[in-house]
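Peer 1: Can you read through this structure? Questions will come right after.
The values are calculated or read from the model by the stated rules, or taken from the named source; none is laboratory data. Since we're looking at a predicted model, the values are computed, not measured. Note that we place each Cβ from the backbone using ideal geometry, even for glycine, and neighbour counts take in every protein chain shown. When the accessible area is computed, the model is the full protein with side chains, heavy atoms only, and any ligands, DNA or RNA have been set aside. Shrake-Rupley method; radii C 1.70, N 1.55, O 1.52, S 1.80 Å.
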Amino acid sequence: MPKALITGITGQDGPYLAEFLLSKGYHVYGLVRRLSTPNLENIHHIRDQVELLSGDLLDQGSITDAISETEPDEVYNLAAQSFVKASWEQPVLTGEFTALGVTRVLEAIRTVNPKIKFYQASSSEMFGKVTESPQKETTRFHPRSPYGVAKVYGHYTTVNYRESYGIFACSGILFNHESPRRGIEFVTRKISNGVARIKLGKQKKLELGSLEPKRDWGFSGDYVEAMWLMLAQDKPDDYVVATGENHSVREFVELAFEAVEIKNWEDFVISNVSHHLRPAEVDYLVGDASKARKVLGWKPKTTFRQLVEMMVKADLELEKRNKT
Ligand code: NDP
Ligand code: GDR
């Protein structure tokens, strides 16, 4: 039975990846940091099928111990401070988690067993102020936030450990991917939850920042397969994973209201650009995943409309259950 260790198993992607690996017959371990109140909501449905270990990306010893105790075949490094806006408020911590955390995991692999395969969760935020469209593996990086800068560090660290030590290390440059498990502060989930609450009469207005930024939004459940496929190849490499389509925040809002049959959405939405201003914005991202399609045989299964409807439906059910 192959064994995989996932850092960031309690986030959005971790549970989808764990479900996927379990379906492939893996024994799945998850690294979970100690919190005063455990945050296992996203994995409670598979809690008895995965083995959790205590560890923190800030603590080298805990990562090395987790890897030497579990002897995994594959390590998926999904853990990060992943909220772009917060990275200006906590740039040093973001660097510690999102940049140096990658070095710590790779150092643990190098010292325990350099044959362990490694996946790094890189991001389209590395392209930032884009120099060409669509963005592909060879597009120049120009990150626009401490988060994006930290991800560039993590990406090149992954490439460097591959070139320096021959570690089977892959960097997946994933464009935005969403789901009902998305954290509430990200714009898609803020919209789907806000729309559900407005439909149920629990909220009057939805306040957002600019409705103009465009993103290439896919479904998290589709993207985790690409992570696994990267580690299943003969050679390690880096891949863009994206849908190839982009949509504005406005289009997401329109479809979300359409999903609950509210036509006059403008009456409910406030676009408060100054309140949500980021020191530097990423206006437009769209990915070219033709390498992943050709080499990995991967393509997205969920359309933009299906994604929005799935998220709104899930939030309607959640908000109906949650009376407070
Ligand atoms: P989430 O923010 O939902 O999850 C992040 C995970 O990292 C959580 O499980 C969190 O644990 C964990 N974590 C944070 N800090 C530490 C730490 N110091 N030690 C151990 N664990 C820690 O992210 P997603 O699931 O959306 O994304 C997964 C990865 O992919 C991230 O690295 C993200 O940057 C990257 N990415 C995401 C994209 C997306 O659109 N979703 C696109 C491109 C890249 P806790 O529950 O304790 O907070
Ligand atoms: P992003 O996601 O920065 O792309 O990073 P986010 O959902 O936070 O923002 C997307 C775009 O929407 C604009 N926006 C708002 N954003 C938030 N959060 N809240 C609002 O009210 C709002 N109004 C408008 C933002 O300015 C931005 O332009 C995500 C994260 O998952 C990263 O970890 C990941 O690497 C990238 O996607 C790819």
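Peer 1: I need a count of the residues in region 89-108 that are closer than 23 Å to His177 by Cβ, in contact with a helix residue (DSSP H, G or I) (Cβ under 6 Å, 6 or more places away or on another chain) and within 15 Å of ligand 2 (Cβ to nearest atom).
Peer 2: Count: 4.
Peer 1: Shifting gears a bit: Test Ala226 against the stated conditions and say whether it is modelled with pLDDT of 95 or more and either open to solvent by 40 Å² or more (accessible area, probe 1.4 Å) or not assigned by TED's automatic domain parsing to the domain that holds Lys117 (or both).
Peer 2: Details: modelled with pLDDT of 95 or more: yes; either open to solvent by 40 Å² or more (accessible area, probe 1.4 Å) or not assigned by TED's automatic domain parsing to the domain that holds Lys117 (or both): no.
When the stated conditions are applied, Ala226 does not pass them.
Peer 1: State whether one or more residues within region 187-209 are acidic (Asp, Glu), out of contact with any Cys (no Cβ under 8 Å at 6 or more places or on another chain) and either more than 15 Å from ligand 2 (Cβ to nearest atom) or assigned by TED's automatic domain parsing to the domain that holds Trp88 (or both). Show your work before the answer.
Peer 2: We begin by selecting, within region 187-209, every residue acidic (Asp, Glu); these are 207.
Okay, now just the ones that are also out of contact with any Cys (no Cβ under 8 Å at 6 or more places or on another chain), so 207.
Okay, now just the ones that are also either more than 15 Å from ligand 2 (Cβ to nearest atom) or assigned by TED's automatic domain parsing to the domain that holds Trp88 (or both), so none.
Within region 187-209, not a single residue is acidic (Asp, Glu), out of contact with any Cys (no Cβ under 8 Å at 6 or more places or on another chain) and either more than 15 Å from ligand 2 (Cβ to nearest atom) or assigned by TED's automatic domain parsing to the domain that holds Trp88 (or both).
Peer 1: Shifting gears a bit: State all residues of region 265-288 that are farther than 17 Å from Arg250 by Cβ and surrounded by 17 or more Cβ atoms within 10 Å (Cβ to Cβ); if no residue qualifies, say none.
Peer 2: Gly287, Asp288
Peer 1: Return the residue satisfying two criteria in turn: it lies in region 196-223 and is crowded, with 19+ Cβ neighbours inside 10 Å and in a strand (DSSP E or B), and of such residues it is farthest from ligand 1 (Cβ to nearest atom).
Peer 2: The selected residue is Leu206.
Peer 1: Pairs, please: C-beta under 7 Å, at least 6 apart or cross-chain, first residue outside any strand (DSSP E or B) and in region 156-177, second away from ligand 2 (no atom under 16 Å from the Cβ) and among the basic types (Lys, Arg)?
Peer 2: Close Cβ pairs satisfying both conditions: Tyr161/Arg110; Tyr165/Arg110; Ile167/Arg110; Phe168/Lys117.
Yes/no per residue for (1) under 21 Å from Asp222 (Cβ atoms); (2) over 21 Å from the mean Cα position of the chain (by Cα); (3) modelled with pLDDT of 95 or more; (4) of a type in the set (Ser, Thr, Tyr):
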residue: Gly11; (1), (2), (3), (4): yes, no, yes, no
residue: Pro15; (1), (2), (3), (4): yes, no, yes, no
residue: Glu19; (1), (2), (3), (4): yes, no, yes, no
residue: Val32; (1), (2), (3), (4): no, no, yes, no
residue: His44; (1), (2), (3), (4): no, no, yes, no
residue: Thr64; (1), (2), (3), (4): no, yes, yes, yes
residue: Thr70; (1), (2), (3), (4): no, yes, yes, yes
residue: Gln90; (1), (2), (3), (4): no, no, yes, no
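Peer 1: Return yes when Val312 is out of contact with any Pro (no Cβ under 7 Å at 6 or more places or on another chain) and either open to solvent by less than 70 Å² (accessible area, probe 1.4 Å) or assigned by TED's automatic domain parsing to the domain that holds Ser123 (or both) and no when it is not.
Peer 2: Values: out of contact with any Pro (no Cβ under 7 Å at 6 or more places or on another chain): yes; either open to solvent by less than 70 Å² (accessible area, probe 1.4 Å) or assigned by TED's automatic domain parsing to the domain that holds Ser123 (or both): yes.
The answer is yes for Val312.
Peer 1: Let me ask something else. List the pairs whose first member sits in region 3-17 and is among the acidic types (Asp, Glu), whose second member is part of a loop (DSSP other than H, G, I, E, B) and within 15 Å of ligand 2 (Cβ to nearest atom), and whose Cβ atoms are under 7 Å apart, counting only residues at least 6 apart or on separate chains?
Peer 2: Listed by first residue and then by second, the contacts come to Asp13/Leu78.
Peer 1: While we're here: Out of the helices (runs of 4 or more DSSP H) lying entirely within region 28-127, which hold 1 or more residues that are basic (Lys, Arg) and surrounded by fewer than 24 Cβ atoms within 10 Å (Cβ to Cβ)? Walk me through it before giving the result.
Peer 2: Details: elements: 60-70, 86-89, 91-94, 101-112.
The helices (runs of 4 or more DSSP H) meeting that bar are 101-112.
Peer 1: Report, by residue number, each residue of region 224-259 that is within 16 Å of ligand 1 (Cβ to nearest atom) and assigned to a loop (DSSP other than H, G, I, E, B).
Peer 2: Scanning region 224-259 gives Ala242, Thr243, Gly244, Glu245, Asn246.
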